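Asks: Right, I'll just put the structure down here and ask away after.
The values are calculated or read from the model by the stated rules, or taken from the named source; none is laboratory data. If you're wondering where the values come from, they're calculated on a predicted model, not measured in any experiment. Don't worry about glycine lacking a Cβ; one is built from the backbone with ideal geometry, like all the others, and counts go over all protein chains shown. Please note that ligands, DNA and RNA were not included when accessible areas were found on the heavy atoms of the full protein model with its side chains. Shrake-Rupley method; radii C 1.70, N 1.55, O 1.52, S 1.80 Å.
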Amino acid sequence: MAASFKLSICFLFSLFCFVYNDSTILCEVGFCRTYLHETGCTTPPIHCTVNNATHQGINLLSPTVCNCCDYCMPLYGEGEHCSRGGPGTGTTVGRCGDGLYCQQGEEDDVCVRMKSDCHTAQDKYDERERNGELGAMEARPRCDGKGKFYKFECVPAQTCFCQSDDGRRLFGEVLNLGVITEKSMHCGCSRFHDLMRSIIGKSVPAPVVGPRCTTDGNFFPIRCINNICYCVDKVTGIIEKDSPTIDLERQSITQLPCYDKDLDLFAEFDQEHPSTFQSPCLLNQERIAEEILDSEEDEFDLDYFGGFPECLPDWTYGRIAVNSAGQKVCIDERGRQIENYHADRKTDPASFNNMDCKCAQTTNIMGDLPEKPICCKNGNFRRIQCRRGMCRCVDSDGKQTEKEMADVTKLSCYTSDWKTC
Ligand SMILES: *[C@@H]1O[C@H](CO)[C@@H](O)[C@H](O)[C@H]1NC(C)=O
């Protein structure tokens, strides 16, 4: 009895050793040197090292033992031959580049441009350019690799703002700094909120709180789960590996190394509510939700004037406020009034109802820069903007919509009261 017990332990142990050996020791340091010496690699296509307009590729792990070889997957351009793969068609050596797909042809398959709203918008732009109808301040729509709208859109010499993949403007706006904006603006948090809204929508009774965003549409660098706070990646919103943590019950949020005072819009509120990670708008929402739940328990419906106050993805109340005189005013992310933009319900109801403060926000972000757009007195974009003796029509986001003219009366958006709006 005792002997057989011992034996089985030995057996298990040796099996374990064998499996262990087999799976982890193979790709040890030095394996590839021997492998390359004995087996060798095929030369990868030049596409990855060249990476110019006609020869593009992506470096990937090679499908060889221990990924020993260099591997480059070429991306074929428009009109180039491609293989659509499928059962029994052999290995695929490359794929069509971004925005292209492999279409079956009469004799051969070739890469053709995907059909999408963004590509259609680009085609329209290109056609207007060929016809000489394009304005000097218009920008070609940008699409991503799947033919969807790019994560943000820019107005030349003004600002960039986040957009959804179907081209709707979203929360998040920064100064247009070209390459710098390209590197720093990711709009992941902004797009996450949009997705959350479309999936959860209005099907739930109380608003669902999404992750906190910064004003540029990135993720706020801190996330708290109950009272424990972590540092998160501002691009992905994922908690960083080995992130330091703090417990709000005992520590201050400012003790996290990723805390950035400039990004915190509620520093004062944080001090007054040290054990919560919230904002005045969220707290207000929470209070109203509790009142409604209480009223339901008491079996009467409390209609809270048509719903909950909505908070923006940065957890602020919004960019429009109502002052003590009952006028709407434009405010920045810290609740400070921007210039004297305002609208009065009684004296100018149209201006009051259409007020979006988009121009006020843009000019505020532009700060001291020259050639700022002109806003209406309610903070919306004036539909005609002029620069260096030429005037142009813009939409509600300040984007030029047609070719500029020296004579304003020739513009399609011209109205006799264009100056005052
Ligand atoms: C890209 O590089 C390849 C190989 O060096 C060359 O044949 C091709 O003409 C280049 N294309 C452009 C657009 O420069």
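Asks: Select from region 194-208 the residues that are assigned to a loop (DSSP other than H, G, I, E, B) and β-branched (Val, Ile, Thr) and write down the one among them that is surrounded by the most Cβ atoms within 10 Å (Cβ to Cβ).
Replies: Step by step, filter region 194-208, then rank; the result is Val208.
Asks: Further question on the same structure: Does region 398-409 contain any residue that is over 26 Å from Glu173 (Cα atoms), part of a strand (DSSP E or B) and in contact with a strand residue (DSSP E or B) (Cβ under 7 Å, 6 or more places away or on another chain)?
Replies: Taking every residue of region 398-409 in turn, at least one turns out to be over 26 Å from Glu173 (Cα atoms), part of a strand (DSSP E or B) and in contact with a strand residue (DSSP E or B) (Cβ under 7 Å, 6 or more places away or on another chain).
For (1) part of a loop (DSSP other than H, G, I, E, B); (2) without any contact (Cβ under 8 Å) to a residue 60 or more places away in the chain; (3) open to solvent by 30 Å² or more (accessible area, probe 1.4 Å); (4) within 17 Å of Cys189 (Cα to Cα), each residue gets a yes or a no:
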{"position": "Gly210", "(1), (2), (3), (4)": "yes, no, no, yes"}
{"position": "Gly217", "(1), (2), (3), (4)": "yes, no, no, yes"}
{"position": "Arg223", "(1), (2), (3), (4)": "no, yes, yes, yes"}
{"position": "Tyr230", "(1), (2), (3), (4)": "no, yes, yes, yes"}
{"position": "Asp242", "(1), (2), (3), (4)": "yes, yes, yes, no"}
{"position": "Thr254", "(1), (2), (3), (4)": "no, yes, yes, no"}
{"position": "Tyr259", "(1), (2), (3), (4)": "yes, yes, yes, no"}
{"position": "Leu265", "(1), (2), (3), (4)": "yes, no, yes, yes"}
{"position": "Glu268", "(1), (2), (3), (4)": "no, yes, yes, no"}
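Asks: Of all residues in region 112-150, which are touching a helix residue (DSSP H, G or I) at 6+ places or on another chain (Cβ under 7 Å) and assigned to a loop (DSSP other than H, G, I, E, B)?
Replies: Selection gives Leu134, Arg140, Pro141, Gly147, Lys148.
Asks: Name the one entry in Asp262, Asp294 that is modelled with pLDDT under 90 and either over 26 Å from Lys234 (Cβ atoms) or among the acidic types (Asp, Glu) (or both).
Replies: Only one candidate passes the filter, namely Asp294.
Asks: In addition: Among the numbered criteria (1) more than 15 Å from Asp314 (Cα to Cα); (2) part of a loop (DSSP other than H, G, I, E, B), which one does Arg287 miss?
Replies: Result: Arg287 fails condition (2) only.
Asks: Give me the residue from region 44-58 that is touching a strand residue (DSSP E or B) at 6+ places or on another chain (Cβ under 9 Å), open to solvent by 50 Å² or more (accessible area, probe 1.4 Å) and within 24 Å of Met114 (Cα to Cα) and, out of that set, farthest from the ligand (Cβ to nearest atom).
Replies: Among those residues, the one meeting the criterion is Ile58.
Asks: Additional query: Please give the number of the condition Gly40 fails out of (1) within 14 Å of the ligand (Cβ to nearest atom); (2) in a loop (DSSP other than H, G, I, E, B).
Replies: (1)
Asks: Right, another one. Ala136 - would you say it is open to solvent by 50 Å² or more (accessible area, probe 1.4 Å), in contact (Cβ under 8 Å) with a residue 40 or more places away in the chain and either under 28 Å from the mean Cα position of the chain (by Cα) or more than 30 Å from Leu411 (Cβ to Cβ) (or both)?
Replies: yes
Asks: Of the residues that make up region 340-351, is at least one assigned to a strand (DSSP E or B) and either basic (Lys, Arg) or open to solvent by 50 Å² or more (accessible area, probe 1.4 Å) (or both)?
Replies: yes
Asks: Would you point out which residue out of Leu75, Leu61, Leu100 is under 29 Å from Lys148 (Cβ atoms), without any contact (Cβ under 8 Å) to a residue 40 or more places away in the chain, aliphatic (A, V, I, L, M) and within 16 Å of the ligand (Cβ to nearest atom)?
Replies: It is Leu75.
Asks: For region 232-281, give me each residue that is under 22 Å from the mean Cα position of the chain (by Cα) and of a type in the set (A, V, I, L, M).
Replies: Passing the criteria: Val232, Val235, Ile238, Ile239, Leu263, Leu265.
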